[in-house]
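To start, the structure itself, in structure tokens.
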Amino acid sequence: MTRKPAKARTTPAPRRRPGDDPQHGRALLRCRLLTRLTEDRLVRLYHQGRISGGVYTSRGQEAIGAATAAAGGPDDLYAPLIRDMTVHIGRGEPVLDIFRHYLGRVTGPMKGRDGNVHYGCLARGVYPMISHLGAMLPVVTGAVLARRRQGRPTVGFAYLGDGATSTGDFHEAVNFAAVFDAPVIFVIENNQFAYSTPTARQFRCANLADRAAGYGIEGLAADGNEALDLFQLTRGLVERLRARPRPVLLVCDTMRMRGHGEHDDFAYVPRDLLARYAARDPLDLARARLSAAGALTAAAAARLEQECLAEVDAACQQALAEPPPDPATLTEGVYAAD
Ligand SMILES: Cc1ncc(C[n+]2csc(CCOP(=O)(O)OP(=O)(O)O)c2C)c(N)n1
């Protein structure tokens, strides 16, 4: 019996774009996926009344933290804000510790004692934030200068939203960093709204990167939803700042796809604006790009999602089973013990 010749495979040849890097591309996707699944679970816990405090998600802007967190070295400093869970995860914060912290568990990184968005890990160079807009910017600037005096080639990453660019702290930190050549990347996440205030009511310049000239520094405008391009750009920038220390404004265009927090129905956000950015969802863009480059099959994408979901499930269940702090220890850790 004669066998029919096997049909020629019709899979299209991979289309690589400049900057495609399968290994980093998959790692960045994993970071964003873990973040999205973690935040989805936190939103559910919030609506179940199990979280005291608000939940402010990064939905739609996950690429910025993922790309910039991956671009730094082990001795660099990061000051993420409420929407920067990809920075925490990208710098190595276990998802388990995030659930512990949001649920106020004694086992968490802050021992269940601080507001649920105020967490970090100094050992990993990630500062716990405080809520006052702009307040972390001078902190990072000063810390980087201190490191430099110790002979350490640290670069700092200070995150802020478009709204925080209207604060005095922003001006003071950027001007101080410019005058003293502090190697700080001010990562401005322009997500089009500061709570209900649109960017048209926040600044007049065409792009916030234009402000850099007034401080005598470099300003870069980037697409905040394309993680791989942003990663390549930031990695190059870090190398340049290590060699020649100075601050840079890195303005990333993106969109806040939810309300300011889960308590906010964001009815004031134009639906066509949301639709425009929904078509450029950073996770969808990443999956499409990796798959076009021949670096992610549909099966591998599904496997990755299953792995991340299992990690989130296990972390959430474990944290829920752990205890809050003992009220008898309330005053412990408030004052320095000598
Ligand atoms: C100095 C100061 N003013 C006001 C607030 C109240 N507040 C908290 S978040 C927020 C909006 C922040 O917008 P933006 O900086 O663009 O960041 P986004 O929430 O969009 O990520 C405001 C007004 C604050 N925390 N600090």
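The values are calculated or read from the model by the stated rules, or taken from the named source; none is laboratory data. None of these values were measured; they are calculated from a predicted model. Using ideal geometry, Cβ is built from the backbone for each residue, glycine included, and neighbour counts are taken over all protein chains shown.
Checked against (1) within 12 Å of the ligand (Cβ to nearest atom); (2) under 25 Å from A328 (Cα atoms); (3) modelled with pLDDT of 95 or more, R105 passes all but a single condition, namely (1).
Tell me whether the range 37-46 contains one or more residues that are more than 16 Å from the ligand (Cβ to nearest atom) and either within 14 Å of the chain's Cα centre (by Cα) or at positive phi (or both). Yes, the conditions are met somewhere in the range 37-46. For L133, the criteria (1) in contact with an Asp or Glu (Cβ under 8 Å, 6 or more places away or on another chain); (2) more than 25 Å from M255 (Cα to Cα) hold in every case but one, which is (2). Given the criteria acidic (D, E), part of a helix (DSSP H, G or I) and more than 9 Å from the ligand (Cβ to nearest atom), does D169 qualify? When the stated conditions are applied, D169 does not pass them.
The set of residues in the range 144-170 being surrounded by fewer than 20 Cβ atoms within 10 Å (Cβ to Cβ) and touching a residue at least 40 places away in the same chain (Cβ under 8 Å) consists of R148, R152, P153.
Does G115 qualify as being within 13 Å of the ligand (Cβ to nearest atom), closer than 18 Å to L320 by Cα and either crowded, with 20+ Cβ neighbours inside 10 Å or touching a residue at least 12 places away in the same chain (Cβ under 8 Å) (or both)? So G115 fits the description; yes. Among D114, D40, D75, which is part of a helix (DSSP H, G or I) and among the acidic types (D, E)? That would be D40, the only listed residue that is part of a helix (DSSP H, G or I) and among the acidic types (D, E).
The set of residues in the range 35-72 being crowded, with 23+ Cβ neighbours inside 10 Å, within 19 Å of V312 (Cβ to Cβ) and hydrophobic (A, V, I, L, M, F, W, C) consists of L42, A66, A69. Scanning the range 203-220 for residues that are away from the ligand (no atom under 16 Å from the Cβ) and surrounded by 14 or more Cβ atoms within 10 Å (Cβ to Cβ) yields D210, A212, Y215, I217, E218, G219, L220. Kindly indicate which of T141, T199 is within 15 Å of L241 (Cα to Cα) and either within 22 Å of the chain's Cα centre (by Cα) or of a type in the set (K, R) (or both). Result of the check over T141, T199: T141. In the range 148-164, the residue that is nearest to P80 (Cα to Cα) out of those that are of a type in the set (G, A, S) and away from the ligand (no atom under 13 Å from the Cβ) is G156.
Conditions tested, residue by residue: (1) over 20 Å from I64 (Cα atoms); (2) among the acidic types (D, E).
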site	(1), (2)
R148	yes, no
G151	yes, no
L160	no, no
G163	no, no
S166	yes, no
A177	yes, no
A182	yes, no
E218	no, yes
A222	no, no
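Being within 16 Å of the ligand (Cβ to nearest atom) and either polar (S, T, N, Q) or more than 14 Å from the chain's Cα centre (by Cα) (or both) is the filter here, so list the residues in the range 221-263 that pass it. N225, L249, T254, M257, R258, G259, H260, G261, E262, H263 - these are the residues of the range 221-263 that are within 16 Å of the ligand (Cβ to nearest atom) and either polar (S, T, N, Q) or more than 14 Å from the chain's Cα centre (by Cα) (or both). Exactly one residue among L137, L133 is assigned to a loop (DSSP other than H, G, I, E, B) and within 15 Å of the ligand (Cβ to nearest atom), and that residue is L133.
With respect to the conditions (1) more than 16 Å from the ligand (Cβ to nearest atom); (2) in a loop (DSSP other than H, G, I, E, B); (3) free of Cβ contacts under 8 Å to residues at least 24 places away in the same chain; (4) within 20 Å of the chain's Cα centre (by Cα), A123 lacks only one, and its number is (2). Taken together, A177, A182 contain a single residue that is part of a loop (DSSP other than H, G, I, E, B), surrounded by 24 or more Cβ atoms within 10 Å (Cβ to Cβ) and away from the ligand (no atom under 15 Å from the Cβ), which is A182. The residue of the range 185-202 that is farthest from V248 (Cα to Cα), among those that are surrounded by fewer than 18 Cβ atoms within 10 Å (Cβ to Cβ) and within 11 Å of the ligand (Cβ to nearest atom), is S196.
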